[in-house]
Amino acid sequence: MSDSIPNLLIYLIIAGLSVAYFIFRKKATSPGLSEEMADVQNAAAEGFGASEQVFPPSAEFVAKARVKGMDGYKKLYRESIEHPEKFWADEAKELTWFEPWTKVLDESKKPFFKWFVDGKTNICYNCIDAQIKKGLGEKVAIVFEGEPTQNGAATEVRRITYKELLVEVSRFANVLKELGLQKGDTVAIYMPMVPELAFAVLACARIGVVHSVVFGGFSAESIRDRVNDAKSKAVITMDGGYRRGKFLALKQTVDEAVQDCPTCERVLVLQRHAGKPDAACAMKAGRDVWYHDVASKVSSDCPAVWQESNEMLFLLYTSGSTGKPKGIIHGTGGYMLQAYTTNKYVFDLRNDDLFWCTADVGWVTGHTYVVYGPLLNGASVLMYEGAPDAPDYSRFWKIVEDHKVTVFYTAPTAIRAFMKWGDEWVKKHNLSSLRLLGSVGEPINPEAWLWYHRNIGAERCPIVDTWWQTETGGHMITPIPGCTPTKPGSATLPFFGVDAAVLDEQGNETDSGILAIRKPWPGITQGIFGDEKRYIEAYWSRWNGAYYFPGDGAIKDKDGYLWITGRVDDVVNVSGHRIGTAELEAVFIENAAVAESAVIGVKHELKGQGLMAFVILKSAAAKTVNEETLAKTLNGMVDTKIGKFARPERIVFVSDLPKTRSGKIMRRLLRDISEGRELGNVSTLADPAVVESIRNKFNNK
Ligand code: WT7
């Protein structure tokens, strides 16, 4: 008995110490924990990075793979990191340069990197002329299918060979010259997903005109802001295009936009549907011209201009954490190489492939993987104009079967829609032509990955889950098919030349934290148009400027695999489209009844994330306003100021927002409320009672 007393004491002390340790540990991490880290930890708690399932590449794929197994990948990866200049110079030599570069990478103006300094090239030449020189002139470059159908069959299918593409693009470039456009000018492009959109982009590139494509779902005000910011001299548009059986008039939206665009002198209008009453365009004399009127008079021969590798190729606007979208600049040579190599290695394109990337050319995915990347590889690419559910849920699979698509690249949001629509739509079609599948735009949930693997890939096709962004130009974290064993939900390992790390706020490597990229890669943006300072602040101000900050959280598992958890910077990925919460807040505040608002991203079954808006009314308005009517008005404002796709899921009117004593809105608490989680740390709140009242309002609906 007397012996056991000291033992008991020891146990008690140990137990006490352990309890104290856990209490202390919680205290040590939570109060200082940033919103960003809390988001990543929530994701970890929800199972990110936890899947143990591994899918090795099939023997069939391995046998033909460009890169031989994981050893092959590791060897090339090591070379690309240890000797990046040699690695990229070797890759760049596979493309055509009119004059060689003097320096592969110039870091002297970091973070404004220059690739292939003094090298002269032209990306359009590389996409078209160089392929014809290789003997691919008769090969189909673009297969196009319009949306309209008759008795279940598409009424418009076009096959455009490389030779025909050269004629179309050259003629288009001459039309641009006729309008007075010159190398270095910028034009906005607002068009449906038709081959002419690709012609327009390539024609600009051919003569060194900078293109700024604006996705066809954006409103007139969004076009206006983008045209003005870029000082675009012209807008290229079309009478309209088809979407879910409707003809959407685009020229009218452009008319509305360019009223307030002093730099825009010309509007070039292509014709999708002659003689259709709702396609009628009011043409403003002196400003507007029909494409076909000019095209009939110009030659179809137009030499490609020489561009120094770092001259601007395009601008593409994307959302950031302020109300104003950023004009992301891409140069010529580096971007071209990123587009070329990622297409080559990640989609493993072969001579007989038909590649279909379902993205709209209005987003970066369409730039790199509908237009430039596949053509740089001499591939055949499929363009489809319309919606996946027009005329019915099997449209995509019918297209795959009819055209024998071999490589298919889409977004998780689409995959979740297919799952919801039911397997029977897929089963109606023979998908045996497919050999490789891709995913992009947002984290793919393992359930969607597995569905894709089984139902579309027949457990045979590797899936490449590719993480990248507008700013990176091309893939950054992705499996290499035939090499990388995949795990559902993980983008796996970095692409060649990508030195990725997961860091905490102090810049220490960690298992769950913030994604960071150490070295420049060829496709890196050249900055934000007209705002060098914003570029440095948004992407290079953390960690003493030693890393590029992409704005995503990430988890690194025991095998070094990366699991992207989503944005950590007040940008929300809705159906793979990036929307800044501040952009919506800027819209709401324009309404006289609104005092303040906070918009957050919340989990959404189909869209991945949806937007949730919390709005405080001015006290006078709060007494009289009808919330339902006001919500409708606010949604209408989102439609006209941004575009319908940016509408929030719900607008909740509240009397206060959770703020710190210094007045910062704690959005994390709003996310906790919206996703039904226990509230995180509230000790820094000025008034902790506020969250309860918001929660009640939220739940009463
Ligand atoms: C953001 C970039 C990249 C082309 C389409 C969107 C998210 C993109 C993945 C992926 C997890 C992904 C990130 C990124 N994202 N791909 N495979 N897994 N997240 O381009 O509009 O510039 O958006 O999309 O959050 O930062 P973007």
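The values are calculated or read from the model by the stated rules, or taken from the named source; none is laboratory data. Given the structure is predicted, the values throughout are model-derived calculations rather than measurements. Every residue, glycine as well, gets a Cβ built from its backbone with ideal geometry; the counts of neighbours run over all protein chains shown.
Conditions tested, residue by residue: (1) at positive phi; (2) out of contact with any Gly (no Cβ under 6 Å at 6 or more places or on another chain); (3) without any contact (Cβ under 8 Å) to a residue 40 or more places away in the chain; (4) of a type outside the set (Val, Ile, Thr).
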| position | (1), (2), (3), (4) |
| --- | --- |
| Val370 | no, yes, no, no |
| Leu376 | no, yes, no, yes |
| Tyr384 | no, yes, no, yes |
| Val400 | no, yes, no, no |
| Val405 | no, yes, no, no |
| Tyr409 | no, no, no, yes |
Discussion item. Anything in the range 561-601 that is of a type in the set (D, E, K, R) and either within 10 Å of the ligand (Cβ to nearest atom) or in contact with a Phe, Trp or Tyr (Cβ under 8 Å, 6 or more places away or on another chain) (or both)? List them, or say none.
Written reply: Arg567, Asp569, Arg578
Worksheet item: Do we have any residue at all in the range 602-621 that's assigned to a loop (DSSP other than H, G, I, E, B), within 16 Å of the ligand (Cβ to nearest atom) and buried (at least 20 other Cβ atoms within 10 Å of the Cβ)?
Response: yes
Discussion item. I'm trying to understand the selection: among the residues of the range 465-474, which are in contact with a strand residue (DSSP E or B) (Cβ under 7 Å, 6 or more places away or on another chain) and either of a type in the set (Phe, Trp, Tyr) or more than 8 Å from the ligand (Cβ to nearest atom) (or both)?
Written reply: Trp467, Gly473
Response to the item:
Picking from Pro443, Pro374, the residue that is farther than 27 Å from Lys64 by Cα, within 16 Å of the ligand (Cβ to nearest atom) and not small (Gly, Ala, Ser) would be Pro443
Worksheet item: Regarding Trp543, is this residue within 28 Å of Lys487 (Cβ to Cβ) and touching a helix residue (DSSP H, G or I) at 6+ places or on another chain (Cβ under 8 Å)?
Response: no
Worksheet entry | helices (runs of 4 or more DSSP H) wholly inside the range 171-275 containing at least 1 residues that are within 23 Å of Tyr372 (Cβ to Cβ) and modelled with pLDDT of 95 or more | 195-207, 220-230
Fill in: Residue in the range 647-658 that is modelled with pLDDT under 90 and of a type in the set (D, E, K, R) present
no
Practice prompt. Considering only residues that are in a helix (DSSP H, G or I) and touching a helix residue (DSSP H, G or I) at 6+ places or on another chain (Cβ under 8 Å), look in the range 125-147 and name the one that is surrounded by the most Cβ atoms within 10 Å (Cβ to Cβ).
Written response: Cys127
Discussion item. When you check Ser321 against the structure, is it buried (at least 24 other Cβ atoms within 10 Å of the Cβ) and touching an Asp or Glu at 6+ places or on another chain (Cβ under 8 Å), yes or no?
Written reply: no
Discussion item. Taking the condition of being surrounded by 15 or more Cβ atoms within 10 Å (Cβ to Cβ) and of a type outside the set (Asp, Glu), how many residues in the range 178-187 meet it?
Written reply: 4
Worksheet item: So which of Tyr548, Tyr535, Tyr561, Tyr539 ends up being farther than 30 Å from Gly331 by Cα, touching a residue at least 60 places away in the same chain (Cβ under 8 Å) and not charged (D, E, K, R)?
Response: Tyr561
Item to complete: Test Phe116 against the criterion of being farther than 30 Å from Asp402 by Cβ, assigned to a strand (DSSP E or B) and within 29 Å of the chain's Cα centre (by Cα), and give yes or no.
Response: yes
Item to complete: Those residues that are within 14 Å of the ligand (Cβ to nearest atom) and touching a helix residue (DSSP H, G or I) at 6+ places or on another chain (Cβ under 8 Å), I need them from the range 485-497; list them, please.
Response: Pro488, Gly489, Leu493, Pro494, Phe495
Worksheet, complete the sentence: Exception for Ile328 within (1) among the β-branched types (Val, Ile, Thr); (2) surrounded by fewer than 23 Cβ atoms within 10 Å (Cβ to Cβ); (3) within 14 Å of the ligand (Cβ to nearest atom) falls at (2)
Item to complete: With respect to Lys697, determine if the residue is of a type in the set (Lys, Arg) and either part of a loop (DSSP other than H, G, I, E, B) or exposed (fewer than 15 other Cβ atoms within 10 Å of the Cβ) (or both).
Response: no
Worksheet, complete the sentence: Residue pairs within 8 Å by beta carbon, gap of at least six or interchain, first lying in the range 421-438 and on the phi > 0 side of the Ramachandran plot, second surrounded by 15 or more Cβ atoms within 10 Å (Cβ to Cβ), listed first then second, are Gly422/Tyr393
Practice prompt. For the range 62-112, name all the residues that are surrounded by 13 or more Cβ atoms within 10 Å (Cβ to Cβ) and assigned to a strand (DSSP E or B).
Written response: Lys103, Val104, Leu105, Asp106
Worksheet entry | Residue list for the range 664-685, restricted to those being under 17 Å from Asp570 (Cα atoms), without any contact (Cβ under 8 Å) to a residue 40 or more places away in the chain and surrounded by fewer than 18 Cβ atoms within 10 Å (Cβ to Cβ) | Lys664
Discussion item. Only one of Leu431, Leu436 is modelled with pLDDT of 95 or more, within 16 Å of the ligand (Cβ to nearest atom) and touching a Phe, Trp or Tyr at 6+ places or on another chain (Cβ under 7 Å). Can you tell me which?
Written reply: Leu436
Practice prompt. Could you look through the range 547-560, keep only residues that are in contact with a Lys or Arg (Cβ under 7 Å, 6 or more places away or on another chain) and more than 10 Å from the ligand (Cβ to nearest atom), and pick out the one that is farthest from Gln41 (Cα to Cα)?
Written response: Tyr547
Response to the item:
Restricting attention to the range 225-257, the residues that are basic (Lys, Arg) and either under 18 Å from Val289 (Cβ atoms) or buried (at least 21 other Cβ atoms within 10 Å of the Cβ) (or both) number exactly 3
